[in-house]
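The block underneath contains the structure these notes are about, expressed in structure tokens.
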Amino acid sequence: MKFFRIFPIFIVTVLPAFTVESAINRYNLVTRNHPHLTDLDTLGSLSVGNGEFAFTVDITGLQTFPQQYKNGIPLGTQSQWGWHSFSNEMGYKHSETLKNYDFGRERKEPYSVQFPEKGRQQDASNWYRANPHRLHLGILGLELGDAQLKDIQHIHQYLDMWSGTIKSNFDIGDNHYEVTTASHPKLDMIATTIFSTRDNPAVKLHFPYPTGNHTDDGCNWNVNEKHSSAVVRQTERSLVIKRMFDNTVYYVTVSWENDAKWVQKERNYFVIQSQGHSLELTCRFSMEMPIDNNPSAEKTFKASSAYWKKFWRNGAAVDFSQCTDPRAKELERRVILSQYLLAIQCAGSTPPQETGLTYNSWFGKFHLEMIWWHQAHFALWNRPEMLERTLEWYRTVEPVAKQIAERQGFDGVRWMKMTDPSGTEAPSSVGSFLIWQQPHIIYLAELLYRSNHNPDIIKKYYQLVQETAAFMYSFAMFDKEKNRFILKGYIPAQETLKADETVNSPFELSYWHFAMQIAQSWRERMNERRLKEWDDLINKLSPLAYNDDHLYLAAESAPDTYKNIRFTSDHMAVLGALGVLPKNELINEKYMKNTLNWIWDNWNWDETWGWDYPMTAMNATRLGEPEKAVNALLMNKRTNIYLVNGHNYQDARLRIYLPGNGGLLTAIALMCAGWDGCTVDNPGFPTDGRWNVKWEGLKRMP
């Protein structure tokens, strides 16, 4: 096991007093976009959380029907610290996942990969992919006897984002329920108040064993004998439960404020039943035995309300209410909900997984090439502290990244792709060959610095920036014949290309150019000299390859880009070379506009991902195509669906996809505030009079 630390029930929200500097009524902006459910919808689950912990509920306001929601938006209870590994009984070593490759650097480079042939190496690879995996910490739901999901009637549920509170009204027969739920802003704890008109309400606390599966809710309910839940401390109105399985131990503290009785119904199943018509309860999850009592439900609701009011008042804001384009209301809804979701799911002490703290994808691990999409917006939306919470993690795993670089014969640090809080590489026949996660730390650190120009940021992240750039320089190969630097031996962001074939993909070339310039500027800010060899790389990087029609290729090694569907599916990463990144000497804007137009008309859009739409919007914005920018964000495609709760839906496997939400916010920042040197107001919105977008507090992109 690995733990990592790095009446009515409804609350009345008080209208805030705004400062004269605020031109936008933020209370109205947020509250007019509250999600509101009146029907059963297993894709409509709502969540509360604080970035370190999230709790997702069904239509009852708690986790009453986990089985019925497991194929919708699952009812997760997840934290940044809760991870588990199955026993390594065969004694697998990570070195057994390595395979040597020759990419023309006059040496063998060992990569951690998946093995198609059955045997010990395949088994070792599979073990390291699945372990550690993120835990579901426990189900907290209503104990409703024989009632089923279909029996829930007269539904009225909404998420009050101004206070971080889920409020649920429903009937079961002639019994009316009112449930209010919130997360504590600093503790891994939820509070709930439950009122029932006829019955004495009861809650269940039911603990699963982990599945260790690639994508699921992480709940195995069929092996009770493999785990245990023991009461290790109790008072008249509280329980401390010790959870134990394999090498895993954690604690759950439940407190209530009404007369209630509890019973251990099964080995890992507890029920707490009120002796009256109401129940106020808190449930806290912790790595260690708690030494203090839970804050009361009332105090938790107040703390949640204060936290979220501060969140909405202090960050940036974008108001679409004065726009007359009929699509503006939906765009505003997506923007507001995305801010909420990313704050509770993607603002913790480790990078987020693509499904956040809701349910497991890729075993609950996170992908470093996605961190930019999850979190760049925090700095641009004037919430840099939320970004910095996570960047601290890079410092803890730097030694692991250095070992990867050394193993492969490179300088500096090579950042892993799919990993966990320990930084251990998860074997992958694709991910281990990606390189576009490498410059992200440089870009994100630069955004942090730009947010307030604090020299302490430079000092704090200087070594990471320099070591990251050292790898980038050593990875590039010098082509003496053509007097240029090339990139080869990797899989680009457009993952349909192969590592042993790819040379000079456009996004990676442009990213190398940008990040190496930033690394040099950081040297100057630290009163260090620029490195001549790094300037040589910047000045001699290969320009982006194009065909006779002046369309940029997926890679210099892919001359048949526009004749082969392999090169026109997946991410249209070429657009990221100008959009995610600023203009540079490698790019001809006319050729890039040609490429945007071709992609717009011909790309296999049904094979794209949620962040491809904001990437397209950013490219169109920088190219002076605002109509395309708006149309990209609102394109009617399956992977660009935003559910009632604001989640970006992809498919039956990835029912939520937070990089899409983060990309949307980053694109909106660019479309409103522009970039360095931009002289146009709201450059990403048409000037036809229908897009009177108001904003405040946004930062410019580079």
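Every read-out reported here was derived from the displayed coordinates using simple, explicitly stated rules and does not represent laboratory data. Quantities reported herein were computed from a predicted structural model and do not represent experimental measurements. Because the Cβ atoms are built from the backbone with ideal geometry, glycine has one as well, and the counts that use them run over all protein chains shown.
What ³J(HN,Hα) values, in whole Hz, does the Karplus curve 6.51 cos²θ - 1.76 cosθ + 1.60 give for the range 475-488 when θ = phi - 60°, with x put for Gly and Pro?
Karplus-based 3J(HN,Hα) across the range 475-488 equals 6, 5, 10, 8, 9, 5, 4, 9, 6, 8, 9, 10, 10, 8 Hz.
³J(HN,Hα) across the range 395-406 via Karplus (A = 6.51, B = -1.76, C = 1.60, θ = phi - 60°), whole Hz, x for Gly/Pro?
5, 6, 9, 3, x, 5, 5, 5, 5, 4, 4, 4
Looking at the chain, send over the antiparallel percent of its DSSP beta bridges, to the nearest 5. The partial results should precede the final answer.
On the way: 95 of 98 bridges.
That works out to approximately 95 percent antiparallel.
Can you figure out the FRET efficiency of Lys261 with His34, using R₀ = 35 Å and their beta-carbon distance, to the nearest 0.05?
0.45
I'd like the trypsin sites (Lys or Arg not before Pro) in the range 31-137 restricted to DSSP loop residues with at most 13 other Cβ atoms within 10 Å, sorted by number.
Sites meeting the loop and neighbour criteria: Arg32, Lys93, Arg107, Lys108, Lys118.
Quick one: what are the phi-derived ³J(HN,Hα) couplings along the range 312-320, Karplus 6.51/-1.76/1.60 with θ = phi - 60°, whole Hz, x for glycine and proline?
Karplus values, whole Hz, x for Gly and Pro: 6, 6, 8, x, 6, 8, 10, 10, 9.
Straight distance only, please: which lysines reach the Cα of Lys480 with their own Cα at less than 19 Å, same-chain residues fewer than 8 apart left out?
Counting by Cα, and skipping residues close in sequence, Lys480 has these lysines nearby: Lys488, Lys532, Lys540.
For Asn452, what is the net charge nearby, where nearby means another residue's Cβ is under 15 Å from its Cβ and Lys, Arg count +1, Asp, Glu -1?
Computed value for this residue: +3.
Run down the aspartates and glutamates and flag those whose C-alpha is under 15 Å from the C-alpha of Lys563, throwing out any fewer than 8 positions away in its chain.
Of all the aspartates and glutamates, those that pass the test against Lys563 - Cα under 15 Å, at least 8 places apart if same chain - are Asp548, Asp549, Asp601.
So which chymotrypsin sites (Phe, Trp or Tyr not before Pro) in the range 519-621 end up in coil per DSSP with only 12 or fewer other C-beta atoms within 10 Å?
In loop regions of the range 519-621 (DSSP not H, G, I, E or B), there are no sparsely surrounded chymotrypsin sites (Phe, Trp or Tyr not before Pro).
With a cap of 10 neighbouring Cβ atoms within 10 Å, and only residues DSSP puts in a loop, list the GluC sites (Glu not before Pro) found in the range 269-357.
Sites meeting the loop and neighbour criteria: Glu288.
For the chain, what is the charge dipole size about the Cα centre, in debye to the nearest 20, if Lys and Arg each add +1 at the Cβ and Asp and Glu each add -1 at the Cβ?
Details: 74 positive and 79 negative charges, 214 e Å.
Charge dipole of the chain: 1020 debye, to the nearest 20.
Give the span of the range 471-617's Cα atoms along each principal axis, as three whole-Å numbers ordered largest to smallest.
Computed over the range 471-617, the largest-to-smallest principal extents equal 49, 33, 26 Å.
State the dimensionless ratio Rg/Rh of the chain (Rg: radius of gyration of Cα atoms; Rh: Kirkwood radius).
Rg/Rh for the chain comes to 0.98.
At 222 nm, what value in deg cm²/dmol follows for the chain if DSSP H runs of at least 4 each add -39500 (n - 2.57) and the sum is divided by all its residues, to the nearest 500?
When only DSSP H runs of four or more count, the value is -9500 deg cm²/dmol.
Round to a whole angstrom and tell me the spacing of the C-alpha centers of the range 389-404 and the range 198-217.
34
Compute the Cα gyration tensor for the range 123-228, then decide on rounded, prolate or oblate, letting a ≥ b ≥ c be the square roots of its eigenvalues: rounded whenever a/c is under 1.5, prolate when a/b is larger than b/c in the other cases, and oblate in all that remain.
Verdict is prolate for the range 123-228.
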